[in-house]
Structures are given as C-alpha cells and as structure tokens.
Amino acid sequence: MKNYARIILLLVVVSFANFANAISSDPSGVTEKLENEFNAAEHAIHHALDAHEIHVADGFVIPLPIILWTDNGLVTFMSSEFGHGEHTAPVERNGMSFVMSHEKVYQLNAGEHHVKFDGEHHPINATKITMDFSITKNVVAIFLVAGLLLFVFVRSAKKYKGGKPVAPSGIAKWTEPGVIFVQDIAKENIEGDKYKKFTPYLLTLFFFIFFGNLLGLIPFISNPNMTGSISITLLLATITFVIQMMNSKKTYWLHILDPLGNSLPWYGKLPLYLILVPIEIAGIFIKPTALLIRLFANITAGHIIVVSLISIIFVNESLAWAGLAVPMTLFISVLELLVAFLQAYMFTMLAAMYIGSAVESAHH
C-alpha cells in the first residue's frame, strides 16, 4: 500500500507541476493581463511543438545551440541571442542576419536589416535555413533517452555476467520483465528461431519509445514531445520498413503479387488482380505510414489535452475553474502513463508483425 501511496503522491505532484508548467510555458500568451484575448488553441499547439530552448519556469530558460550551414560556412550561436519572443532584432553573423519565427530560423535577404512579417507573423523578406542542425528540445530529449537506456541496461547486464542463472536484483528486477515481455512479442509474431535475429531491434524500439513517452510527462524539463514529433516517428517507421524489406522472402512477395495462389486459373484471377495487386502494393507503404501517425497523434494529443484543460481557467477568466481543471489534469496524467506503455507496445507489436510477415517461409 505504501508503494501505491507514493505513486499517487507522485502523480499529484506531476499534475500540479504540469499545471504550473503549462501556465508558464508561454508567458507572452498566458501571463499577460486577462483583459487581452487568450488564444487557447494557439497556446496548446505551441506547448506541443519543438523549441530552441528549455523553458523550466518564468525567468529560468535554458538556451540551446543554433547550428546553421550557410553559403558563408558554418554559423553557431546560442538561441538566447534572439532574445525572448520571436520578433526581436536580427542576430548578425559572418555578414548575414538571422531571425526566428515560429521556432524556425530564417536568413534576411541581402540588403535587409529589419524583418517584416505577414498577417500570420511569417517573415516576408527572409529565407528559411534549409541546413539547420540546431540542438532543439526534442534533440536534447533523444540524448537523455539514449543516456538513460545505456545507464539502465549496462547496469542490468552486469547482473548477468558469467552466464550463470541468477535471480534479478536491483535495477534488473525492473528491466528483466520488460525484456521477456518484448521477447514474447517477437516469438508470437516471427516464426521459428528467426525472432532471435530481430529481438535486439524490437527491444531498442520498445524501450526507446517507452522512455521517450515517460520523459514527455516530466514538466521540470518542459515536457519534451519527442515521440510526438512527426520526424522522430517517421524515422522509427522508416527503419522498421527498411528492415522488413531487406529481410523479405519470396513468399512475402508472392502474397503481394499473387495473393490467390492456385485457387483460381490465371484467366479467373486476372480481372481480380487488377484491383487486388494495387491494393496489396499500396498496403506495403500504408502500414508504416499508419505506424508513424498512430504514435505521433496519440502522444501529441495527450500534451495538447493537458494544456487545453489548464486553458479553461483563462478562457473563463476565473481561478475558480482550477477546481475542475487540476483534477482533470491529474486524471489525464494517470491516463498518459497507460498511453506511454500502450503506444510503445503497439508500435513494437506491429513492427514485429510486419517483419514476421516478411520473413515467413511459407503460406499459412
């Protein structure tokens, strides 16, 4: 019971911290006077997007490096040089001027010294930098997750040195059930002993997503939305797709190009194949697309819902609504813990299914 009480207390603390972080994450939009119109939708979306700084609290912002490759070579500086807010004086480097708008870095056109914006606050006299290697909040989250994975599993592996069976202890008590769980997913979806070849990748996939999802629930590092970034989920889905294609067998392609097999003569299959084969070929690309969209949409939705609930207070211009917003935020925070595990499980299971279908040796 003590452990459950600690978990509940932790969730309450995280919920209130999310509350405070959601309020302070966009001072230009939330902490301004209530008589100014508050755009809840814009604030919620802004909170879920990537950023060039880590906003811990009002007055405590950690700037991140801006790294650009331009026609004049490499340009580096800290994001704090843009000042607070997006519409500040340009940063001068190597005879070029740079501005930031909507977390995108632009280079002012030649001869321009002041940025001009259109109605949506996009620069009209500047060009977006295409070779932008800046360290953003999500990149920091990737490094943190990689560091955590190395720390946790190197520590766990030390418990099994020597090859002798031992009872798990310490951190291994938490990691061993997870490893066995993912291994069982691989066994169920990939035939025979072939699962052993792909289990290391599936383990990496599961724990990378799971740790990334949990990291996104920590308000003290500004709730990084790493696994809710379309670029990250696209990369994970692409790697899975490449592994599937590189290991695909003859029977996989026969199922795509000749799904009816010997059940009908060729003249009976031909009119059906005019419809079936294009659908099967499209399915090759639809599956990884659905994989990346599912993870991206579910994780981003959780972040937006939390901020939207907090925004109820400002939309109604009354702190009395906090009595409703905070308990609902607590409920969503608990639900997001489940979603963090569920989305890691779903992505890993579907990846195992797709790989399993590509390496099967015969029709079932």
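Couple of notes before you dig in:
- Cross-chain or 6+ apart pairs with Cβ under 6 Å, region 254-270 first and over 15 Å from GLU360 (Cβ atoms), then at pLDDT below 75 and assigned to a helix (DSSP H, G or I): LEU260/LYS269
- Condition check for GLY323: without any contact (Cβ under 8 Å) to a residue 40 or more places away in the chain and either closer than 26 Å to PHE181 by Cα or out of contact with any Leu (no Cβ under 9 Å at 6 or more places or on another chain) (or both): yes
- Failed item, numbered, when GLY111 is tested on (1) at pLDDT 75 or above; (2) more than 28 Å from the chain's Cα centre (by Cα); (3) on the phi > 0 side of the Ramachandran plot: (1)
- Test: residue in region 198-217 that is part of a helix (DSSP H, G or I), modelled with pLDDT under 90 and closer than 18 Å to ASP50 by Cβ: yes
Let's see how each residue does on (1) surrounded by fewer than 17 Cβ atoms within 10 Å (Cβ to Cβ); (2) assigned by TED's automatic domain parsing to the domain that holds LEU214:
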site	(1), (2)
ILE142	no, no
GLY147	yes, no
LEU150	yes, no
LYS158	yes, no
ALA167	yes, no
ASN189	no, yes
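- Residues that are basic (Lys, Arg) and outside any helix (DSSP H, G or I) within region 136-187 comprise LYS159, LYS161, LYS164, listed in sequence order.
- Counting the residues of region 101-135 that are assigned to a loop (DSSP other than H, G, I, E, B) and of a type outside the set (A, V, I, L, M, F, W, C) gives 16.
- For region 289-302, the count of residues that are surrounded by fewer than 15 Cβ atoms within 10 Å (Cβ to Cβ), part of a helix (DSSP H, G or I) and not hydrophobic (A, V, I, L, M, F, W, C) is nonzero.
- Residue selected from region 115-137 under the condition at pLDDT below 75 and among the acidic types (Asp, Glu), by the criterion nearest to THR227 (Cα to Cα): GLU120
The values are calculated or read from the model by the stated rules, or taken from the named source; none is laboratory data. As the structure is a prediction and not an experimental result, all values here were calculated from the model. Here the Cβ is made from the backbone with ideal geometry for all residues, glycine too, and neighbour counts use every protein chain on show.
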